[in-house]
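Derivation of every value follows stated rules applied to the coordinates shown; laboratory data play no part. The structure presented is a predicted model; accordingly, all values stated were derived computationally and were not measured. FYI the Cβ positions are ideal-geometry reconstructions off the backbone, even for glycines, and counts take in every protein chain you see.
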Amino acid sequence: MSTNDASVEGTPAIQLWKHSSPESTKMWDFLQMINKKHNLQLKSYNDLYAWSIDNIASFWGEAWQYTGIRASEQYQKAVDESAPMFPRPAFFQGATLNFAENLLFPTATVDADSLAVIAATETTRETVTWTELRERVRKCQAGLIALNIQEGDRIAGYVANHTNALVAMLAATSLGAIWTAVSPDTGVHAVLERMRQIEPALLFADNAVMYNGKTHPVLPKVEEIAASLPTLRATVIFPTVPSLGTDASDSSSGRVVGYEQFMQRTNAPETLTFKQLPPDHPVYILYSSGTTGAPKCIVHGAIGTLLQHKKEHTLHCDIGPGSRLFYFTTCTWMMWHWLVSGLASGATLVLYDGSPFRYLSGGESVSDDLAMARLIDEVGITQFGTSAKYLSVLEQKNVMPKKTLSLKTLKAIYSTGSPLAPSTFAYVYKAFGPDINLGSITGGTDIISLFGAPCPLTPVYQGEIQVLGLGMAVRAWDYAGHDVSQEGEPGDLVCVKAFPCQPVQFWGPTGAAKYSSSYFEKFAGVWHHGDFVRFNPQTGGLIMLGRSDGILKPAGVRFGSAEIYNILLQNFPDQVEDAL
């Protein structure tokens with residue numbers, strides 16, 4: 001593989017893809033709408049982006065209208081542009097809405113009998129229509145009401161990525177409760193480090209999970225976790241692996257119940273209830289890695305999460321009714337929250353739990369490097385999300401899905417979790433076909449969304465994230481706080497203007513201090529994200545160089561871990577793969 005790519009300063013960028021009909025996309029339609037409404041002559045995505053960050057209040061107001069936010073009361077003001085980034089300014093004051101209602105009843109037109117969810121594991125398949133999903137949420141909501149779950153209560157999940165987890169989240173947020181989840185492969189100590197801080201009222205948990213062809217019981221860990229959380233009113237067990245049952249040793253007390261029993265505790269209301277709440281009402285608690293102490297509990301609000309995700313899905317990813325959106329993720333990772341918001345744009349979700357290298361064949365889980373590519377064809381995935389590591393593994397194995405599979409429905413592949421190596425960019429177009437929008441994306445748990453995003457109006461260049469997201473005023477600053485974006489010099493990723501998906505708070509009595517020190521300590525009043533990046537002045541693309549705390553500085557020259565990794569991957573691919 002040639003080293004002549006955009007990750008090497010001074011060399012020409014290599015274009016790998018360009019949309020065949022950009023004028024057919026929602027991003028183009030949005031640009032034309034802005035031109036007409038504001039009497040402008042914006043001609044490109046760069047023009048639109050510049051307008052969006054120069055006119056924050058106008059942009060977010062237009063995004064609200066265009067993407068279709070369902071609200072019972074409209075807002076009075078999008079945001080005060082003169083307000084500092086911290087304390088976080090209020091967005092869309094005066095509005096009332098419900099997060100779950102926006103997902104279950106999108107403003108986009110969807111057929112109630114069409115599929116809302118396709119759920120797959122290594123050994124099963126499940127399809128759920130919009131009508132069926134709403135009914136399942138209604139029944140789960142009734143169980144929560146019977147336990148007197150109220151606005152602001154925390155509902156925890158120790159669950160895999162399946163339909164019941166989605167239903168529980170929607171039922172919780174429909175009542176104004178706050179959802180938080182940890183994957184069942186997480187150890188008891190790590191779970192309690194997180195959940196003890198937020199004191200959940202209810203715990204949903206799997207009885208077992210299947211991974212890599214083996215069944216892994218979860219109930220013993222669930223019992224230990226539940227016994228250590230005195231605020232729990234009940235623990236509800238999903239029959240995720242039906243053959244193992246849901247009985248726990250504490251089931252006689254009534255504190256641990258099976259999911260069916262939980263839903264039978266009361267006569268269910270005939271219709272769903274959606275508590276109408278302020279726009280910044282909390283909906284999710286996510287967790288920092290905990291590498292420097294107890295994990296921080298990051299609280300995200302309804303409108304920031306909803307509007308940012310709808311902006312990214314509708315405009316940046318061109319997702320809508322008819323799209324089938326997949327992301328390989330656990331319920332812990334922020335990409336699960338990003339994935340399930342696809343409902344709000346009318347998309348069908350494809351949920352998957354299991355190994356990405358196992359496929360259902362003859363009723364059994366079999367080893368298969370093409371497992372996820374086969375799933376794309378089987379269920380008609382249009383947008384496929386994964387990690388850079390997964391694509392790198394396929395590259396090292398020289399897996400070529402397009403040689404044996406159709407992949408005719410696939411429009412985009414999204415990659416995140418770590419920087420995508422330039423060689424892997426080229427591999428994806430060789431292995432999956434030339435007509436795919438490869439979106440290397442970046443963001444994080446802290447913003448539950450993206451800073452760097454895909455875009456149908458701009459090319460894909462090797463080694464680069466296509467664009468900065470609309471409304472996200474991102475720059476690269478050097479250690480002294482000077483903007484080096486236009487010079488193409490490496491620097492820290494900062495955001496210099498407020499955005500709605502900033503966390504609404506950190507949980508706990510010291511939350512405000514932790515919030516401030518996490519993002520606003522290095523550069524006063526400016527969001528410091530912790531990534532080391534540079535911009536390509538030739539293309540405007542963003543190049544990830546690693547984490548700021550992993551930067552090396554020999555002889556005063558700063559460079560990131562991703563730069564070392566990319567060189568090693570080019571020259572010693574087999575040895576690098578063995579080390580991962």
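Evaluate E = 1/(1 + (r/R0)^6) for LEU244 and GLU521, where r is the Cβ-Cβ distance and R0 equals 45 Å; express this FRET efficiency to the nearest 0.05.
The value I calculate is 0.40.
Decide, for the range 130-222, between rounded, prolate and oblate: order the square roots of the alpha carbon gyration tensor eigenvalues as a ≥ b ≥ c, take rounded if a/c falls under 1.5, and otherwise choose prolate if a/b is larger than b/c, else oblate.
Oblate.
For the range 288-356, rounded, prolate or oblate, judged on the Cα gyration tensor with a ≥ b ≥ c (square roots of eigenvalues), a/c < 1.5 rounded, else prolate if a/b > b/c?
Oblate, because a/c is 1.5 or more while a/b does not exceed b/c.
For ARG125 and GLN15 in one chain, what is 0.36 nm times their gap in residues minus the Cα-Cα distance, to one decimal in nm?
Stretched fully, the ARG125-GLN15 segment lengthens by 35.8 nm.
Give me the number: length gained by fully extending ASP483 to GLN74, i.e. 0.36 nm times residue separation minus the C-alpha to C-alpha distance, one decimal in nm.
143.5 nm
At GLU199 and SER82, where each label point lies 7 Å from the Cα along Cα→Cβ, what is the point-to-point distance in nanometres?
4.0
Report the Cα-based extents of the chain along its three principal axes, largest first, to the nearest Å.
Principal-axis extents of the chain (Cα, largest first): 69, 56, 49 Å.
Run the numbers for GLN261 and MET400: contour at 0.36 nm per residue of separation, minus the present Cα-Cα distance, in nm.
This chain segment gains 45.3 nm when fully extended.
Summing -39500 (n - 2.57) over the DSSP H runs of n ≥ 4 in the chain and dividing by its residue number, what mean residue ellipticity at 222 nm do you reach, to the nearest 500 deg cm²/dmol?
Value at 222 nm, helices only, nearest 500: -8500 deg cm²/dmol.
Note down the relative contact order for the chain as a percent, whole number, built from C-alpha pairs under 8 angstrom at least six residues apart.
Value for the chain: 16 percent.
Using the Cα gyration tensor of the range 400-472, with a ≥ b ≥ c the square roots of its eigenvalues, what is the shape: rounded (a/c below 1.5), prolate (a/b larger than b/c) or oblate (neither)?
Prolate.
Hey, fewest Cβ within 10 Å first, where do HIS313, HIS38, HIS529 land in order?
HIS38, HIS529, HIS313
Nearest 20 debye, what's the magnitude of the dipole of the chain about its Cα centre given +1 on Lys and Arg Cβ and -1 on Asp and Glu Cβ?
The calculation lands at about 520 debye.
To check you understand DSSP bridge types, tell me what percent of the beta bridges within the chain (both residues inside) are antiparallel, rounded to 5.
On the way: 46 of 84 bridges.
DSSP beta bridges in the chain are roughly 55 percent antiparallel.
Let's test the formula: R0 of 45 Å, r as the Cβ-Cβ distance of HIS189 and LYS43. What FRET efficiency results, to the nearest 0.05?
Values: r = 55 Å, r/R0 = 1.23.
E between HIS189 and LYS43, to the nearest 0.05, is 0.20.
Separation between the GLU378 and ALA512 pseudo-spin-labels, each 7 Å from Cα along Cα→Cβ, expressed in nm?
Between GLU378 and ALA512, the simple spin-label model gives 5.2 nm.
With the crude spin-label approximation of a point 7 Å out along Cα→Cβ, what separation in nm comes out for THR273 versus VAL366?
Modelled inter-label distance: 5.1 nm.
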